[in-house]
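Here is the structure we will look at, set down as structure tokens.
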Amino acid sequence: MRPHVIVNCAMSADGKIAGRDRRQVRISSDEDIARVKALRASVDAILVGVGTVLADDPHLTLKGMSFEENPLRVVLDSRGRTPDDARVLDGRARTVIFTSEECTCSWDGAEAARCGTGQVDVRAMLERLGGMGVERLMVEGGGEVLWSFFSSGLVDEYNVFVGPLIIGGRDAPTPVDGAGLPGSEARRLRFLGAEVLGEGVLLRYGTEDAQVHRG
Ligand SMILES: NC(=O)c1ccc[n+]([C@@H]2O[C@H](COP(=O)([O-])OP(=O)(O)OC[C@H]3O[C@@H](n4cnc5c(N)ncnc54)[C@H](OP(=O)(O)O)[C@@H]3O)[C@@H](O)[C@H]2O)c1
């Protein structure tokens, strides 16, 4: 059984997750940041795409947690573009970088796992994570990776915080980018609830693909 997949992101009131320069923007309220930290602490692994590593250089660790206590860090990086000085390689948590079968890159501070030809095969990657003991996986983005998860029917929960700002820009990233669907094929979500968190709103959705939650 694949891990339970929880997507979490923050977007502006006009549906952007970063500026047109793809630089990180503070969108979350303090209350939302506290919620995200608690969510991170409740999962076995946290995943991002290499686009997010290159743009934001996140460390994906929790303050006060040891190497063993931190969730596994997972990066999807078909061609091995994760820089050697990326924070995900800082040795503060176990890290697995999934690349394509063709890629021969390796890193100090991370295990390289080959999975899929051309681009990382997300479904096969999830099976591998399941085999590593990952039951709950948090996917933090960005837009290209979330498209792969949604378009493959691999999302169980979708949490999006809407912050009080406008970013604009036709090329600014959104929660789900990729090739997109024709409007007639848009995927429907199940609305699970909304919560005011400071000056923004958290929207929670389930999907048709949802698996039974395993704790
Ligand atoms: N507000 C938020 O909550 C939030 C959260 C995270 C990120 N962001 C923003 O999102 C932006 C980055 O998003 P992004 O869309 O450019 O990058 P991304 O989704 O983080 O990473 C995309 C890259 O991952 C690699 N990849 C490997 N396997 C893949 C697969 N199966 N499907 C999709 N991608 C795969 C691809 O590069 P290769 O082909 O080279 O492998 C692809 O270009 C930044 O601006 C960041 O600030 C915002």
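The values are calculated or read from the model by the stated rules, or taken from the named source; none is laboratory data. Note that the coordinates shown come from a computational prediction; the quantities given were computed from them, not determined experimentally. A quick note on method: Cβ atoms are made from the backbone with ideal geometry, for glycine too, and the neighbour counts reach across all protein chains shown. What goes into the accessible areas is simple: the full protein's heavy atoms, side chains included, and nothing from ligands, DNA or RNA. Shrake-Rupley method; radii C 1.70, N 1.55, O 1.52, S 1.80 Å.
A prolate overall shape is assigned to the range 115-188, the ratio a/c of its alpha-carbon gyration tensor axes (a ≥ b ≥ c) being 1.5 or greater and a/b exceeding b/c.
For the range 88-212, just say rounded, prolate or oblate: build the C-alpha gyration tensor, square-root its eigenvalues into a ≥ b ≥ c, call rounded for a/c under 1.5, and beyond that prolate if a/b exceeds b/c, oblate if not.
Numbers: a/c = 1.66, a/b = 1.55, b/c = 1.07.
In terms of gyration-tensor shape, prolate.
Here Phe98 sits with roughly 0 square angstrom of accessible surface, probe radius 1.4 Å. Computed from Cα positions, the angle between helix 122-131 and the longest principal axis of the chain comes to roughly 60 degrees.
A cut-off under 11 angstrom between Cβ atoms defines the neighbours of Thr104, and their net charge, with Lys, Arg +1 and Asp, Glu -1, is 0. Under the convention that each Lys and Arg Cβ holds +1 and each Asp and Glu Cβ holds -1, the size of the dipole of the range 1-143 around its Cα centre is about 280 debye.
Taking every protein chain into account, the 1.4 Å probe leaves Val48 with about 0 Å² of accessible area, to the nearest ten. When the solvent-accessible area of the chain is split by element, carbon and sulfur atoms take up 48 percent of it, the probe being 1.4 Å. The alpha-carbon atoms of the range 67-123 define a convex hull whose volume equals 67 cubic angstrom per residue. Once backbone amide H atoms are built at 1.01 Å from N, Phe161 has Cys9, Ala10, Met11, Leu203 as its partners under 5 Å, excluding neighbours fewer than 5 places away on the same chain.
The string of couplings for the range 33-43 from the Karplus curve (6.51, -1.76, 1.60, θ = phi - 60°) is 4, 4, 5, 5, 4, 5, 5, 4, 5, 9, 10 Hz, one whole number per residue in order, with x for Gly and Pro. Let me know the shape class of the range 1-105, please: from the alpha-carbon gyration tensor, a ≥ b ≥ c as square roots of the eigenvalues, rounded when a/c is under 1.5, otherwise prolate if a/b is greater than b/c, or oblate. Taking the square roots of the gyration eigenvalues as a ≥ b ≥ c, the range 1-105 is oblate. Once C-alpha pairs closer than 8 Å and six or more residues apart are averaged by separation and normalised to the residue number of the range 37-82, the relative contact order reads 53 percent.
In the chain, the calculated helix contribution to ellipticity at 222 nm averages -5000 deg cm²/dmol per residue, counting -39,500 (n - 2.57) for every DSSP H run with n ≥ 4.
Under 5 Å between amide hydrogens, built in the peptide plane, is the criterion, and for Thr174 it picks out Ile17 among residues at least 5 positions away or on other chains.
Derived scalar couplings between HN and Hα for the range 12-23 equal 6, 5, 9, x, 10, 9, 6, x, 5, 7, 6, 7 Hz in order, rounded to whole Hz, by the Karplus curve 6.51 cos²θ - 1.76 cosθ + 1.60 (θ = phi - 60°), x for Gly and Pro. For the range 164-208, the calculated P(r), taken from all Cα-Cα distances in 10 Å bins from zero up to the bin holding the longest distance, is 19, 37, 41, 4 percent.
If we sort 14-25, 177-188 on the protection proxy, mean other Cβ atoms within 10 Å, highest first, what's the order? Write out the running numbers ahead of the final one.
Numbers: 14-25: 16.2, 177-188: 9.8.
So the peptides 14-25, 177-188, ranked by packing, come out 14-25, 177-188.
Distant-in-sequence amide contacts of Val139, defined by a placed amide H-H separation under 5 Å and a gap of 5 or more residues or a different chain, comprise Ile6, Val7, Asn8, Leu47. Rolling a 1.4 angstrom probe over the protein heavy atoms with all chains in place gives the chain an accessible area of 50 Å² per residue. Label reach from Glu195 (point 7 Å along Cα→C-beta): in the range 124-141, amide nitrogens under 20 Å belong to 136-141.
All alpha carbon pair distances within the chain were sorted into 5 Å bins beginning at 0; the resulting P(r) in whole percents reads 1, 7, 15, 20, 21, 18, 11, 5, 1, 0. Scalar couplings 3J(HN,Hα) for the range 82-95, obtained by applying the Karplus form with A = 6.51, B = -1.76, C = 1.60 to θ = phi - 60°, are 5, x, 4, 9, 5, 5, 5, 9, 7, x, 8, 7, 5, 10 Hz; x denotes Gly and Pro.
Glu135 label point, 7 Å along Cα→Cβ, cut-off 16 Å on backbone N: hits in the range 50-94? Within reach of a label on Glu135, which here means backbone N under 16 Å from a point 7 Å along Cα→Cβ, the range 50-94 contributes 71-72. Using a probe of 1.4 Å, the accessible surface attributed to Tyr158 totals some 20 Å² when neighbouring protein chains are kept in position.
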